[in-house]
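A.B. asks: Mind looking over this structure? Questions follow.
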Amino acid sequence: MFKDLFHNNDEWAYFDNAATSPTATSVINSEYKYYEKMRANIHRSPHELGQQATVAYENARETVAEFAGFSSPECIFTRGTTESINLLAYSFCSDWGKDDGIYVPSCEHHSNMLPWIELQQRQGVKIYWLEYDNNGLIDLDNLQDVLKSTQSISKRKLLTLAHVGNVSGIEQPLEKIAYFAKTFDCYLHVDAAQSIKYHTYPKADFVSFGAHKMYGPTGIGALCVDQKLLEKMKPWQVGGGTVDRVTIGNAVYSEGVAKFEAGTPNIAGALGFAESCNFLTDIGREKAKEYSKEIIQELNIIVKGLNCEVVNENSDCICSFISEFDAFDVASLLGSQNVAVRGGNLCAEPYVKRISKKGVVRASSGLINDEKDVKMFKVALQKSLDTLTKNSNKE
Ligand SMILES: Cc1ncc(COP(=O)(O)O)c(C=O)c1O
């Protein structure tokens, strides 16, 4: 139905959209247009080309910010979700110490764990690991208890979590979570790597996401920050573009987002990012979500029919499953039949280790998929499991 919107490779059934999604043709064209017609640097060159590129880049910022539920002066371009979270930790929390607390569900992607573990090791900030069930759903009673019991212990608090998890595709009840965060004076950071395609976040203090899982280019993302908090944040990487004045031995940094974008940024990427927002808006984010969900439901039925256990049956975008075989072996055999999925610990080792000794196979859907892909998946999974069964009988 949507396949024609991509430069697609018909030989593959691509079910690895949660790792990275194919790039929409309109996104590729928008980057091409920059390289062909407007190739100049931004914010510095007085000539016409430089001005066109600057206007296009700043328009892109506006589009991306609005897509996330923020405004343009609140949107910092980064290299992706991981860099956005590191920026948050290094900048906003630069002077946090042992009296401050970070609240993190222990089922998170490594990108939303390691920057906080680093902060703990570097500055002594206390991490409170939060409970979740095997579907990856945060335990709200535990969240409330932990926030309550540490209310007077932690001076400054930040709750950081993925809205949609990358292992089970579970969607956390963000309204309630945001309410608890507010009640207990806790800043809220949403890792929207998997969810930005379908959601906006006007109530969060910080949101991290990247373009490459929403049909955009790789190497570009954003950290959106409530403006009042952005003003308090210090630059974390400095250089050209971040300063108003420099003397020998001193620098006065720019106001606003400029102080976080050192050096020549990924200009073409920013334009492609904005185009990926327009692409999804034009299709309709709700419609795209429904389409993705229908495919996942078909995959769930296939997987269960082959005696595998689905981790969470209610996801819009992910069918993760556990079989009696090593997940990496299953994923490799599917790959050898041109069905692209992922298998292993999915960059969320603590969670995956808790639910399976053999890792998890993850098939994730998107607009590129159609019924032909679903059929290929069925045939290939059956064959992969048969092969592994035969091999194990021989041993
Ligand atoms: C929930 C979640 N957070 C963070 C990331 C990291 O994103 P990126 O590789 O774009 O930095 C991913 C990527 O898979 C993810 O699924």
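Since every read-out is calculated from the coordinates, none of them should be taken as a lab result. Note that the structure is a prediction, hence the values are computed from the model and not measured. Heads up, the Cβs are rebuilt from the backbone with ideal geometry, glycines too, and the neighbour counts pull from every protein chain shown.
A.B. asks: Within 10 Å of each residue's Cβ, count the other Cβ atoms and sort His212, His109, His43 from fewest upward.
C.D. replies: His43, His109, His212
A.B. asks: Quick one: net charge around Gly241, please, counting Lys, Arg +1 and Asp, Glu -1 for every other residue with C-beta under 10 Å from its C-beta. Please report the intermediate quantities before stating the final value.
C.D. replies: Working: positive: Arg44, Lys259; negative: Glu261.
Residues close to Gly241 contribute a combined charge of +1.
A.B. asks: Continuing with the same structure: Quick one: angle between helix 140-149 and the longest Cα principal axis of the chain, in degrees between 0 and 90, rounded to 10, please.
C.D. replies: So the inclination is approximately 40 degrees.
A.B. asks: Mind pulling the angle between the C-alpha long axis of helix 174-183 and the longest principal axis of the chain? Nearest 10 degrees, somewhere in 0 to 90.
C.D. replies: Its long axis makes an angle of about 40 degrees.
A.B. asks: Sort Val146, Val167 by Cβ crowding within 10 Å, fewest neighbours at the top. Working shown, then result.
C.D. replies: Details: Val146 20, Val167 27.
Ranked by crowding around the Cβ, least crowded first: Val146, Val167.
A.B. asks: Of the cross-linked pairs Lys203/Lys353; Lys33/Lys287; Lys182/Lys228; Lys126/Lys232; Lys287/Lys372; Lys148/Lys353, which ones have a Cα-Cα span greater than 24 Å in the structure shown?
C.D. replies: Lys203/Lys353; Lys33/Lys287; Lys148/Lys353
A.B. asks: How far is helix 327-336 tilted off the main Cα axis of the chain, in degrees rounded to 10, range 0 to 90?
C.D. replies: That helix lies at roughly 80 degrees to the long axis.
A.B. asks: If you wrap a convex hull around the C-alpha atoms of segment 25-281 and split its volume per residue, what is the figure in Å³?
C.D. replies: On the way: hull volume 30.3 nm³, N = 257.
Dividing the Cα hull volume of segment 25-281 by its residues yields 118 Å³.
A.B. asks: Still on this structure, please answer the following. What does the highest-first list of 173-185, 217-229 look like by mean Cβ count within 10 Å? Walk me through the intermediate numbers first.
C.D. replies: Working: 173-185: 15.6, 217-229: 21.5.
Top of the packing list down: 217-229, 173-185.
A.B. asks: Roughly how many whole Å is it from the C-alpha centroid of segment 198-253 to that of segment 279-349?
C.D. replies: Their Cα centres are 32 Å away from one another.
A.B. asks: In a Gaussian network model over the chain where Cα atoms closer than 10 Å are linked, find which of Ala40, Ala18, Ala251 has the largest mean-square fluctuation.
C.D. replies: Sorting by GNM fluctuation, first place goes to Ala251.
A.B. asks: Give me Asp370, Asp191, Asp329 sorted ascending by neighbouring Cβ count inside 10 Å, so fewest comes first. Working shown, then result.
C.D. replies: Values: Asp370 15, Asp191 27, Asp329 18.
In increasing order of surrounding Cβ atoms, one gets Asp370, Asp329, Asp191.
A.B. asks: Right, something else. Would you compute, from DSSP H runs of 4+ residues alone, the mean residue ellipticity of the chain at 222 nm, taking -39500 (n - 2.57) per run and dividing by the full residue count, rounded to the nearest 500? Can you show the working numbers first?
C.D. replies: Numbers: 12 runs with 154 residues, N = 395.
Computed mean residue ellipticity for the chain: -12500 deg cm²/dmol.
A.B. asks: Given the Cα-Cα distance of His110 and Lys287 and 0.36 nm per residue of separation, how much length would full extension add, in nm? Kindly include the intermediate steps, with their values, before the conclusion.
C.D. replies: Working: separation 177, 0.36 × 177 = 63.72 nm, distance 3.02 nm.
My answer for the length gained is 60.7 nm.
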